[in-house]
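The next block holds one structure in the form of structure tokens; read it before the comments.
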């Protein structure tokens, strides 16, 4: 509340969002043109694009050769920009989650990692701003990610691309199935394991507990305490909220006051019902869907991003064409990646719902 307006002005003056998108776009196009080095790899990559656009809910889609790379080509940059938009709106409303020991984030269905990249970059800049204005509380806002991603191919891409970009993270954290998420049960099981751990003293021949009960409890109670949860294009099927109702309720009930939940997705069709179902479950768990955050984003802020994203996609297309020839790249049913200019009819708006646990005072006028 004290710094949000000045921080956003600082970001705008630096053109931080645009510069970071340009950097990520350059890295992605370099990575893809580097691995697509044979006619066979290029054909596999191009042929996977229709399925990653129309059948992205099916895990088997990503088992096809170069399908994960095609998915990143189509979606990574757009979703990075969208996540930034959500974080900016949360900052405007003074509801961006903060923590005394940094912010622990759970990203559900991360895909090729556009959301953790955006969140990590945003909080990096928040800490940089904190140094500039000598605000110690802001300099402490480190990020710690837990990733849920069911596709092993996506996890491998995340690892390889992270190495290519020389990012320290995020990486898959051993969580693969959201249906198994139950933070209180996880803490109870962790506490049991810690209390049962022993070490053997070879000098005395005796065994001792590795942890005192107080130590074990302190470690266990810090496990899976998330400050920010994000579902980006995760709830896409009409019955997806009902399918994950139990873990969703367990997760949301476990959040502490001050925690935030971001839901990003499409609009129209069955999506209003999805968001209505989510609001109902969130309210049962003590969260509020914030009216101070717009429900639709993307229309007024996408022009700069559109040119950056399309330029990167076009560069990859030109590379494919140089290897296999234009006549080998079908254009039927594909977006116009062969044009460097953004398509004027591309749908750029998206739905946003932001939830917060606990009460929050009104901003001073």
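The values are calculated or read from the model by the stated rules, or taken from the named source; none is laboratory data. Computed from a predicted model, the values in this text were never measured in an experiment. Don't worry about glycine lacking a Cβ; one is built from the backbone with ideal geometry, like all the others, and counts go over all protein chains shown.
Observations
- Conditions (1) at pLDDT below 95; (2) in contact with a helix residue (DSSP H, G or I) (Cβ under 7 Å, 6 or more places away or on another chain); (3) surrounded by 13 or more Cβ atoms within 10 Å (Cβ to Cβ): number failed by residue 324: (1)
- When residues of region 98-109 are limited to those that are in contact with a helix residue (DSSP H, G or I) (Cβ under 8 Å, 6 or more places away or on another chain) and modelled with pLDDT of 95 or more, the one farthest from residue 170 (Cα to Cα): 98
- Residue match in region 199-209 (condition: at pLDDT below 95, part of a loop (DSSP other than H, G, I, E, B) and within 25 Å of residue 31 (Cα to Cα)): no
- Selection count, region 177-196, where residues are more than 17 Å from residue 225 (Cα to Cα), in contact with a helix residue (DSSP H, G or I) (Cβ under 8 Å, 6 or more places away or on another chain) and either free of Cβ contacts under 8 Å to residues at least 40 places away in the same chain or part of a loop (DSSP other than H, G, I, E, B) (or both): 2
- Residues of region 245-285 satisfying the condition of being in contact (Cβ under 8 Å) with a residue 40 or more places away in the chain, within 26 Å of residue 56 (Cα to Cα) and assigned to a loop (DSSP other than H, G, I, E, B): 266, 267
- Meets criteria (crowded, with 20+ Cβ neighbours inside 10 Å, in contact with a helix residue (DSSP H, G or I) (Cβ under 8 Å, 6 or more places away or on another chain) and without any contact (Cβ under 8 Å) to a residue 40 or more places away in the chain) for residue 66: yes
- Residue 299 being surrounded by 13 or more Cβ atoms within 10 Å (Cβ to Cβ) and closer than 29 Å to residue 94 by Cβ: no
- Among the conditions (1) assigned to a helix (DSSP H, G or I); (2) surrounded by fewer than 22 Cβ atoms within 10 Å (Cβ to Cβ); (3) touching a strand residue (DSSP E or B) at 6+ places or on another chain (Cβ under 9 Å), the only one that residue 41 does not satisfy is (3).
For every residue, the table says whether it meets (1) under 19 Å from residue 128 (Cα atoms); (2) out of contact with any helix residue (DSSP H, G or I) (no Cβ under 9 Å at 6 or more places or on another chain); (3) surrounded by fewer than 19 Cβ atoms within 10 Å (Cβ to Cβ).
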position: 16; (1), (2), (3): yes, no, yes
position: 26; (1), (2), (3): no, no, yes
position: 34; (1), (2), (3): no, no, yes
position: 51; (1), (2), (3): no, no, yes
position: 57; (1), (2), (3): no, no, yes
position: 73; (1), (2), (3): no, no, no
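- Region 229-252: number of residues that are out of contact with any helix residue (DSSP H, G or I) (no Cβ under 8 Å at 6 or more places or on another chain) and either under 24 Å from residue 97 (Cα atoms) or buried (at least 19 other Cβ atoms within 10 Å of the Cβ) (or both): 1
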